[in-house]
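Enquirer: This structure is in structure tokens; I'll ask about it shortly.
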Amino acid sequence: MAYSTLMIENGVARLTLNRPEVHNAFDDSLIAELNDHLSRLHSLADAGDVRVVVLGSEGKSFSAGADLNWMKRMVDYDLEDNLADSRKLAALMHGLDTLPCPTVCRVQGAAFGGAVGLAACCDVVIASGNAKFCLSEVKIGLSPAVISPYVQRALGERQMRRYALTAEVIDAEMALALGLVHLVVEHDKLDDEVDTMLATLLAGSPQAQRATKALMATVAQTPDSDATREHTCQVIAQLRVSQEGQEGLSSFFEKRRPDWVDSNNTSNASERRS
């Protein structure tokens, strides 16, 4: 039985954790499935066949973190087994973080342990008011090691130190204040808000979004260097002379929709639940 699903329609891919009976807890099977899905999504996004990825889950919780049965099995793992296991989780985080297209994370209920990493790897995080986040690892003698680069990037070093060491539960409003979450809405408005964000993202140039996402990663590494400054000049110059760049400028001056906007797709995204 699959622990996750991937549905693609009109350029929108919905990657959904589907273990509601255990609050979408992680185990090695789920991680393997998600890595397979992400490998496919990388190819589809590179080709322009997937415009946006929505990461969500079924049930009351986004994800409760590590599966208890998996954790029991890990007790008997030796160092090499644990390294292999951790590298698969690291591949999952890296694969989600580096998807070429925009990503939206839909969070309801608990998002504990590795689930905080999933949220931090996405470009936009929309949470319901009942969402709760927790870097819970130190309570069981572990560390949020694999997810730490992504969560610290979202929280900043100072706040990361606090919450990684205390394992305090962060409610939705505090997650918003800390920068882990971008929008908090009432639970029954969560899907509507996700659809609104999809419509907003689908209005942008696919090529420009891929280039901008890659640019942000480069700038974050070396924000003030001669190489970075030259790279930024190269990116904008290449976009200006590209087919989509020319179309975007022409449509702006001619007061019309650019040809990458399919009015049916964008309206369907926002109207599906109305």
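The values are calculated or read from the model by the stated rules, or taken from the named source; none is laboratory data. The structure displayed is predicted, hence computed values, not measured ones. Note: ideal-geometry Cβ built from the backbone for every residue, glycine included; neighbour counts use all protein chains shown. Surface areas here come from the heavy atoms of the whole protein model, side chains and all, with no ligands, DNA or RNA. Shrake-Rupley method; radii C 1.70, N 1.55, O 1.52, S 1.80 Å.
Enquirer: I need every pair where a residue in the range 174-199 that is on the phi < 0 side of the Ramachandran plot and in the same structural domain as PRO149 (by the TED database) has its Cβ under 6 Å from the Cβ of a residue that is of a type in the set (S, T, N, Q) and modelled with pLDDT of 95 or more, sequence separation at least 6 or different chains.
Expert: Once the first residue is on the phi < 0 side of the Ramachandran plot and in the same structural domain as PRO149 (by the TED database) and sits in the range 174-199, its partners that are of a type in the set (S, T, N, Q) and modelled with pLDDT of 95 or more give LEU178/GLN159; HIS187/SER128; HIS187/ASN130; LEU190/SER128.
Enquirer: List every residue pair whose Cβ atoms lie under 6 Å apart, where the two residues are 6 or more positions apart in sequence or sit on different chains, the first residue falls within the range 2-24 and is within 30 Å of GLN209 (Cα to Cα), and the second residue, located anywhere, is among the acidic types (Asp, Glu) and assigned to a strand (DSSP E or B).
Expert: Matching pairs, first to second residue: none at all.
Enquirer: Now, a different point. Could you please tell me which pairs satisfy a Cβ distance under 6 Å, a separation of 6+ or placement on different chains, a first residue in the range 93-115 that is closer than 10 Å to SER61 by Cα, and a second residue that is outside any loop (DSSP other than H, G, I, E, B) and open to solvent by 10 Å² or more (accessible area, probe 1.4 Å)?
Expert: Pairs that qualify, where the first residue is closer than 10 Å to SER61 by Cα and the partner is outside any loop (DSSP other than H, G, I, E, B) and open to solvent by 10 Å² or more (accessible area, probe 1.4 Å), are ALA110/LYS132.
Enquirer: Identify the residue in the range 168-217 that is among the polar types (S, T, N, Q) and out of contact with any helix residue (DSSP H, G or I) (no Cβ under 6 Å at 6 or more places or on another chain) and, among all such residues, is most open to solvent (accessible area, probe 1.4 Å).
Expert: Out of the qualifying residues, it is THR200.
Enquirer: Just one of the numbered conditions (1) at pLDDT below 95; (2) open to solvent by less than 40 Å² (accessible area, probe 1.4 Å); (3) not in a helix (DSSP H, G or I) is not true of THR228; which one?
Expert: The one condition THR228 does not meet is (3).
Enquirer: Can we say GLY117 is open to solvent by 20 Å² or more (accessible area, probe 1.4 Å) and in the same structural domain as ASP46 (by the TED database)?
Expert: Against the criterion (open to solvent by 20 Å² or more (accessible area, probe 1.4 Å) and in the same structural domain as ASP46 (by the TED database)), GLY117 does not qualify.
Enquirer: Continuing with the same structure: Kindly check whether there is at least one residue in the range 83-92 that is in contact (Cβ under 8 Å) with a residue 60 or more places away in the chain, open to solvent by 50 Å² or more (accessible area, probe 1.4 Å) and of a type in the set (Lys, Arg).
Expert: yes
Enquirer: Considering the range 231-247 alone, what residues qualify as being closer than 23 Å to ARG51 by Cβ and either in the same structural domain as THR103 (by the TED database) or open to solvent by less than 70 Å² (accessible area, probe 1.4 Å) (or both)?
Expert: Residues satisfying the conditions are VAL235, LEU239, SER242, GLU244, GLY245, GLU247.
Enquirer: Output the residues belonging to the range 1-24 that are under 17 Å from the mean Cα position of the chain (by Cα) and open to solvent by less than 40 Å² (accessible area, probe 1.4 Å).
Expert: Those that are under 17 Å from the mean Cα position of the chain (by Cα) and open to solvent by less than 40 Å² (accessible area, probe 1.4 Å): SER4, LEU6, GLY11, VAL12, ALA13, LEU15, THR16, LEU17, ASN24.
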